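Presented below is the structure to which this report refers.
The values are calculated or read from the model by the stated rules, or taken from the named source; none is laboratory data. Just so it is clear, the structure is predicted and the values come from calculations on it, not from any experiment. Heads up, the Cβs are rebuilt from the backbone with ideal geometry, glycines too, and the neighbour counts pull from every protein chain shown.
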Amino acid sequence: MALLLTLGISKATADELDRRSELKVTWYGVSTLLIENSKTQILVDGYFTRDRFRVIGGRFVPYEIEPDIEIVLSKLKSEKIGKFGCDGDTSTSCKPKTLGLILVAHAHYDHALDAPIVAAATGAKLISVEHSSILAKNNGEVALDNSIGHLVDVYSKAYETVGGLHWESVQVSHISLPNAQATHVEKEGDFRITTFQWPHLFRSLSPAKGGAIRPSELTTLPTPIWNFRQGTPLAFHIDHPAGTMIIFPSAGKDAVFDFKEAKLSADVVLLGIGGVCLWIGCKSVDDLWNTTVRLTEPDHSANVRKVYPIHWDDDRVPLDGETQSDCHVKKRFYAKPSRVIRDFRWFASHADPTVDVIVPTPCEAFYPFQD
Ligand SMILES: [Zn+2]
Ligand SMILES: [Zn+2]
């Protein structure tokens, strides 16, 4: 403290700096994110399998997938997630953090595939939306969505006897989001998490199907990836004493959510950009920016200072490379790889030069609220 005072830094400022560095985030490709402070962890998606095409019965079967439980468990250990936090640490002072919640963006395989496995391995609670008006509108029928809950049912039978998974202790919080403005709040340690609907980036990309997972289609594993129907797509607002952030895992541009009415603002945005210009046309990036970064404040009065682009990588390439012991992602095959980030940076610098665009390094923690 004496040193800080001689440097002219007040205690308040030092405390403030300490507080801002209390929260760190680690990105594992797509929209898998570990958000944590010194005691509590929250995981978005937890998609670690990042599976390749499977060969079944000697036949090359594209798109047939199931979770790779070995990969998932090894990542939980190496990344010190939940009760695996002290794995390999023999010191008596090591205390694992609590993984309280797994927030699944929607039920497509690149978000939901491993979430029930992580829940069964750690005891963390899963969020499953019970009803969605968006699904009802898209399908022209009233559809009930309990996609994540259904996955837990199927997995608990398929992997009933797999060691280290405890299906009897899996908790699913069935939440209701009856309209586009509805919110659901969960508290976990110092975190306050608000979940709300946010449209998917595009609706009809095959094999990523819309609608809710159908119990009649997805009964056993492995299963074709199109059986992981989208379900209700979600976004998450995270409120912590260190700061506020919004995660838009798959950022559709036609959202109608009113942040003012919901009394939600953010210092930082984590934005799924996919192949931005490719999917929605460069001109429409403006709409995306308005809804997700300006939070539809025409006078730019939103507080967002930093944007971290996510979900621009190839979701089928494993995080561990052949020669690297560390972690990497590959840009998506469909989106003129080198251009995705460049296009987005160019756009951002013209839209709001004061907002920083920071590309996260996979498996490397960052502190979004530090300057
Ligand atoms: Zn999706
Ligand atoms: Zn996705």
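Observations
- Here GLY252 meets the list (1) small (Gly, Ala, Ser); (2) at pLDDT 95 or above; (3) within 16 Å of ligand 1 (Cβ to nearest atom) almost entirely, failing just condition (2).
- Among the residues of the range 228-276, those that are without any contact (Cβ under 8 Å) to a residue 60 or more places away in the chain and among the acidic types (Asp, Glu) comprise ASP239, ASP254.
- Listed by position, the strands (runs of 3 or more DSSP E) inside the range 149-255 whose residues that are closer than 29 Å to THR40 by Cα and within 16 Å of ligand 2 (Cβ to nearest atom) number at least 3 are 234-240.
- Test: residue in the range 277-295 that is within 15 Å of ligand 2 (Cβ to nearest atom) and either at pLDDT 90 or above or polar (S, T, N, Q) (or both): no
- Filtering ALA105, ALA119 for residues that are assigned to a loop (DSSP other than H, G, I, E, B) and at pLDDT 95 or above leaves a single hit, ALA105.
- Unique match (being modelled with pLDDT of 95 or more and either under 26 Å from HIS240 (Cβ atoms) or within 16 Å of ligand 1 (Cβ to nearest atom) (or both)) among VAL185, VAL129: VAL185
- Near pairs, Cβ below 8 angstrom, 6+ apart or cross-chain, from the range 104-118 (more than 16 Å from LEU319 (Cα to Cα)) to any residue that is within 9 Å of ligand 2 (Cβ to nearest atom) and part of a helix (DSSP H, G or I): VAL104/HIS111; ALA105/HIS111
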